[in-house]
Structures are given as structure tokens and as C-alpha cells.
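Input: a single structure, listed below in C-alpha cells.
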Amino acid sequence: MNKKEIINKILDSLSVKLKTYGFKLQKSKGRFTKQVKNFTLVYDINFYNERNGYIAEPFVYIDVEEVAKIYQNITVKNTISYNNLHTIGGTVGILMAEENADGIFRKNPFLNFYFNDEDSLNGCIDFLVYCFENAALPYFEEYDTLNKIDNALNNNPDYLSKHLVINPLRCIIGLIIAKLLNKQNYNDLMSIYDKQIQIASIEYIQEFNNLKALFNNKL
């Protein structure tokens, strides 16, 4: 089998299992999704070429419709997140690591799976099911409200967050959520993130400025 056929076989096998949890396969994107009110839960799998085989790496995301709508009003097309925005989440290897209060990410290198032939496909499928049941589902449950997502992104604004490793995007998404929740520390977050965003690319700086202007117009 070629790479495409191998990936399709893995995704089809996963689909049978994940369907019991209400997740639907989007084969063209290599991911599984479930809609829960205005949240979209995403279990995404990236496949990489490695030596004479492949690596499967699982990712977990939560997409919030309200956040996406605001972001679309301020976005700049050249940013990495323009067509692939996620409110919170990332690779399972980082999300399941220790909380990075010191700003250092401690990715677990064992939370991906190398396979090189049809015989190792079952092991890969078992691994991806394990990550879904033991990492993705608990993550979806832990961050099932906007307040909990706010805590994950904004409780330690001076440090990087493993829940959104692209820090300029964390600044923008974190500020959007704080505004939606009318958080009392909104102005403090604005000041902190405004300083952090200044070392980002010009596109993210423009998005942040667009966001400030948008919110100021609504005051």
C-alpha cells in the first residue's frame, strides 16, 4: 500500500471506534469532529514521513464559534491561523506534559507512533485509540466551558501556554475570551499581551491592533 492507502485504512479503522463517542470522520482533513452546542471538538492526526516509514502524531483541539466569529473580523490573511484557527489545544505530547509554569515546554516524545509496514498498522491504530480515550476525551471534559478555557489561557499571562503554543495567537484568543466573559482583569491582560505582541510578526501585530480597535468601538 502507498501512504494514502495506509492513512485511509488507519482513519477508517479509527472511525468505527470513535463513532461510538459521537465523532465523525473528515477524511480530507485527517480528523474527527463532534459538535457540542457552540463548541467543536477535534481529534486531528498528522502523518509524517520518517526514515523508511511514517509517524502518526495526534492533536486535540477545541474550537469555539463565538471566538472564531470575532477573529474573522480582525484577521490578516498571511497569518498561519487564517484558515486553520483553533481556540485551544495542540499536540497530545505537549498537552499531556507537565504544566509549564516556567514557560518551558516538555513534550513527551513517546506520544507519537512510528510504523513502517502493514503489520504495524494495528499497533498504530491501538495507539491512536488509546490517545483519544486517555488524552482527548479527558481534555474535552476538562475544558468544556469558556470560563475553563479562559483559565487555561489567561491565568498566567506572563508565561507561555501549552494550550496555545503560538504565543501571538494566544494573546489574541486570550483577549477575545476575556472580553466575551467581561473579565475584571481585561485591561491588565490587554497591557500584558500588548507588550508581548510587539515581538511578533507584523501580521499578528496588525490583528492585535484590529482587535483593540474593534473592542474600543463597542465600548
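The values are calculated or read from the model by the stated rules, or taken from the named source; none is laboratory data. Fair warning: this is a prediction, and the values are worked out from it, not measured in the lab. Here Cβ is always computed from backbone atoms with ideal geometry, including for glycine, and neighbour counts include all displayed protein chains.
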Output the residue which, of all residues in segment 4-35 that are touching a helix residue (DSSP H, G or I) at 6+ places or on another chain (Cβ under 8 Å) and of a type in the set (Val, Ile, Thr), is surrounded by the fewest Cβ atoms within 10 Å (Cβ to Cβ). 6
Could you say whether any residue in segment 1-9 is in a helix (DSSP H, G or I), modelled with pLDDT of 95 or more and not aliphatic (A, V, I, L, M)? no
Being polar (S, T, N, Q), within 18 Å of the chain's Cα centre (by Cα) and in a helix (DSSP H, G or I) is the filter here; which residues of segment 153-209 pass it? 154, 167
Among (1) buried (at least 18 other Cβ atoms within 10 Å of the Cβ); (2) modelled with pLDDT of 90 or more; (3) out of contact with any Ser or Thr (no Cβ under 6 Å at 6 or more places or on another chain); (4) under 23 Å from residue 177 (Cβ atoms), residue 45 falls short only on (4)
In this structure, is residue 25 modelled with pLDDT of 95 or more and in a helix (DSSP H, G or I)? no
For segment 48-66, how many residues meet the condition of being more than 21 Å from residue 134 (Cβ to Cβ), in a strand (DSSP E or B) and either at pLDDT 95 or above or not charged (D, E, K, R) (or both)? 6
Please give the number of the condition residue 123 fails out of (1) of a type in the set (Gly, Ala, Ser); (2) in contact (Cβ under 8 Å) with a residue 12 or more places away in the chain; (3) under 29 Å from residue 12 (Cα atoms). (2)
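Look through 127, 215 and report the one residue that is closer than 18 Å to residue 74 by Cα, out of contact with any Gly (no Cβ under 8 Å at 6 or more places or on another chain), at pLDDT below 95 and assigned to a helix (DSSP H, G or I). Quick ask: steps written out before the conclusion?
Numbers: 127 fails: closer than 18 Å to residue 74 by Cα.
It is 215.
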